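What follows is a set of notes on a single structure, which appears directly below.
No lab work stands behind these numbers, since they all come straight from the coordinates. Since this is a predicted model, take the numbers as computed values, not measurements. Here Cβ is always computed from backbone atoms with ideal geometry, including for glycine, and neighbour counts include all displayed protein chains.
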Amino acid sequence: MQKYIALMRAEQWVKNFFVFLPLFFSGNFLHFHLLLKSVFAFLAFSLASSAVYVINDFKDRHADSAHPEKKNRPIASGAVSPRKALVFFVVLLLALFILLVVGTSCLEVSFPNIGLVIFIYLLLNIAYTLELKHVAIIDVTIVSLGFVLRVVAGGATTSIPISQWAILLTFVLAMVLALGKRRGELINSGISGKTRRALDGYNVQFADIALSISVTLAIVSYLMFTVTPEAQLRFGKEVFFTVLFVVFAFLRYLQQTLVYNRTESPTQVAYKDRYIQITVLLWMFSFLLLIYFKK
């Protein structure tokens, strides 16, 4: 069983917490029924993303076997046979379908709305796995759209409108993470050889420039968001000071990327870097105060 849990890459489910953002920022996080709907969206995206990881590892099993870390993945290492992996992929899709049918019925969630978001996510990521991840720039764009779809799913299940700022900020944040990962892969490819064809469309200089542009766009976009009448009315003028956390977090990420070359796996950075963890917690806590405890 442990090998199948590893095949699902449960540690990557941290990305699916983006579905909770619309609920949290709406001020309704303590609303039990809406929270239950967001948990449902989280579970649905977790099954969908795990299914994508299975088919990805199946297709990349030969290339992964030559990678210093990816060779330990269940399919690449031989712990799970390719045939059993495909069966498991089908099982995950069936479980996802059952969850969507039961969940939308019990929680009064629109099946077409959440079903369409999940379908688009699966379609994009299967296309990404089969071919598009080999096309530079398009690959990181699809990864970024995956995060946007998570936020949209959170809004679709709770019927909470998603602002244009939320879409933009989610997209550029994901773009930063994706470009940082590609840069890390480029650095490591000089040691172990390339394991991703899309790297032919990148070099370290281009990755550095694209990463710098994305970070600048993210910070400027967030700054502009905090001074909009909508944000200041919703959160108060104090929301402007949360920019400090955002700037520090991005600078720390750039340090991890450009100085220490530790961002081939953004998820590992999120799990291991205490500075980023503390900064994100402080950022979340500041909004907790601004949304739920303001006078």
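At a glance:
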{"read-out": "Where only alpha carbons of segment 1-116 are counted, the Rg and the Dmax (Å)", "value": "16.5, 49"}
{"read-out": "Axial C-alpha extent at least 20 Å, average Kyte-Doolittle at least 1.6 - helices from the chain (DSSP)", "value": "82-107, 111-130, 204-226, 274-292"}
{"read-out": "Net charge dipole size for the chain [Lys, Arg +1 and Asp, Glu -1 on Cβ; Debye, nearest 20]", "value": "460 debye"}
{"read-out": "Segment 127-168 - convex hull of alpha carbons, volume per residue in Å³", "value": "60 Å³"}
{"read-out": "Segment 163-295, dipole about Cα centre (Lys/Arg Cβ +1, Asp/Glu Cβ -1), debye to the nearest 20", "value": "220 debye"}
{"read-out": "Largest-first ellipsoid semi-axes for segment 138-192, taking √(5λ) over the Cα gyration tensor eigenvalues, angstrom", "value": "30, 10, 7"}
{"read-out": "Those lysines that a straight Cα-Cα span of less than 19 Å connects to LYS37, excepting residues fewer than 8 apart in one chain", "value": "LYS15"}
{"read-out": "Residues of type lysines that LYS84 reaches as a straight line, Cα spacing below 22 Å, ignoring anything fewer than 8 places off in the same chain", "value": "LYS3, LYS59, LYS70, LYS71"}
{"read-out": "For segment 42-180: span of alpha carbons on each principal axis (Å, largest first)", "value": "45, 34, 21"}
{"read-out": "Relative frequency of Cα-Cα separations exceeding 17 Å in segment 163-295, percent", "value": "62 percent"}
{"read-out": "Ratio of the Cα radius of gyration of the chain to 2.2 N^0.38 Å, where N counts its residues", "value": "1.02"}
{"read-out": "Lysine pair count for segment 163-295 [Cα-Cα under 28 Å; pairs on different chains or 8 or more apart]", "value": "5"}
{"read-out": "Along the chain, longest interval not containing exposed GluC sites (Glu not before Pro), exposed being DSSP loop plus at most 15 other Cβ atoms within 10 Å", "value": "132-295"}
{"read-out": "Selected from LEU94, ILE75, LEU244, residue furthest toward positive end of dipole (the chain; charges at beta carbon)", "value": "ILE75"}
{"read-out": "Neighbourhood net charge (12 Å Cβ-Cβ; Lys/Arg +1, Asp/Glu -1) for SER46", "value": "+2"}
